[in-house]
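*Asks:* The structure under discussion is supplied below as C-alpha cells; questions concerning it will follow.
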Amino acid sequence: LTAGRRTTGVEALVRWQHPTQGLLMPAQFMPEAERSDLIEPLTKWVLNEALGQQRRWSDDGLDLTLAVNISARSLTRHGELPDTVAKLTETWGIPPGRLILELTENAIIDTDLAKVLDLLHAMGERLSIDDFGTGHSSLSYLQQLTIDEIKIDRSFVMNLPSVAGDAVIVRSIIELAHN
C-alpha cells in the first residue's frame, strides 16, 4: 500500500485442488515437487498464469507489481529461469521491474546463485528475500547479492505492538536492509 492506501502490488500463491484430498497448501506438495523434476513445469506454469493475470489487470487499468515465489531448485537448474522469465514477460508484455521474484533465505545460500540473480536483476526484474529472519543464511549474502527488498517473516510482525523484542528485531532488520 502507498501513503494514499492504494494497493500497489500482489503476490501469486499456488494451491492445489487435489481430487480426493481437497485444497492443499504449498507445504503439502512443494517439497515433493522440489525433489522431483516437477518443479520446472510447475514454476513455468505459475509464472505464466500469474503474468497472464497481471496483464489482464493492467489492461483493466490496474498497475500492480506481482511477486512470485521461486524455489531454490528453479534457480540452480542450468540457468533456465532467466530465459523462462524473459520469454514469459515478453509474451505477456510485462515491463521490467513489474515482476518480483521471491526467494527464501535458505535458497540464497548457494554460492552459484549470484550469477543467476545478477542476470535476472540486469534484466530489470526485482528480487526479494521472503520470510527473512527464519532461515540460516549468513548476513554476508545480503552484501554480495543484488536484492531489492526484504520481507520480514510474519512471526516478527504479528505481535509487534505487544512484544518489545520483536520491535527491536524488526527495527534492526530494517536498518540493516537500508544500509
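*Asks:* Per residue of the range 162-179, what does 6.51 cos²θ - 1.76 cosθ + 1.60 with θ = phi - 60° give for ³J(HN,Hα)? Whole Hz please, x for Gly and Pro, Karplus curve as stated.
*Replies:* Values per residue, Gly and Pro as x: 10, 10, 4, x, 5, 4, 5, 5, 5, 4, 5, 5, 5, 4, 4, 5, 5, 7 Hz.
*Asks:* In terms of modelled amide H atoms, which long-range or inter-chain residues lie less than 5 Å from the amide H of residue 65?
*Replies:* 9, 10
*Asks:* What is the spread of the Cα atoms of the chain along each of their three principal axes, largest first, in whole Å?
*Replies:* 45, 42, 40
*Asks:* Next up: Tabulate in residue order the Karplus-calculated ³J(HN,Hα) for the range 99-105, using 6.51 cos²θ - 1.76 cosθ + 1.60 with θ = phi - 60°, rounded to whole Hz; enter x for Gly and Pro.
*Replies:* Karplus values, whole Hz, x for Gly and Pro: 9, 10, 9, 9, 10, 7, 4.
*Asks:* Next question, about the same structure. Tell me, what is the 1.4 Å probe accessible area of residue 178, in Å² to the nearest 10?
*Replies:* 150 Å²
*Asks:* Could you sort 174, 129 by their accessible area in this structure, using a 1.4 Å probe and putting the largest first?
*Replies:* So, going from the largest accessible area down, we get 174, 129.
*Asks:* Using 0.36 nm per residue of separation minus the Cα-Cα distance, give me the extension gain between residue 56 and residue 157 in nm, one decimal.
*Replies:* Contour length minus the Cα-Cα distance gives 33.1 nm.
*Asks:* To the nearest 10 Å², what's residue 115's accessible area with a 1.4 Å probe?
*Replies:* We get 150 Å² for residue 115.
*Asks:* Give me the percent of DSSP beta bridges within the chain that run antiparallel, rounded to the nearest 5.
*Replies:* 15 percent
*Asks:* Within the set of other residues whose C-beta is less than 12 Å from the C-beta of residue 133, count the net charge using Lys and Arg as +1 and Asp and Glu as -1.
*Replies:* After counting each charged neighbour, the total is -3.
*Asks:* Rounded to a whole number, what % of the accessible area of the chain do carbon and sulfur atoms account for, probe 1.4 Å?
*Replies:* Carbon plus sulfur share of accessible area: 54 percent.
*Asks:* Report, by chain and number, residues whose modeled amide H sits under 5 Å from the one on residue 163, excluding near sequence neighbours (fewer than 5 apart, same chain).
*Replies:* When sequence neighbours closer than 5 places are left aside, there are no close amide H contacts.
*Asks:* Considering every pair of different Cα atoms, what Kirkwood radius, in Å, is found for the range 1-85?
*Replies:* This gives a value of 14.6 Å.
The values are calculated or read from the model by the stated rules, or taken from the named source; none is laboratory data. The shown structure was predicted, so the numbers you read here are calculated from the model rather than taken from an experiment. Note: ideal-geometry Cβ built from the backbone for every residue, glycine included; neighbour counts use all protein chains shown. To get the accessible areas, we keep the full protein, side chains included, count just its heavy atoms, and leave off ligands, DNA and RNA. Shrake-Rupley method; radii C 1.70, N 1.55, O 1.52, S 1.80 Å.
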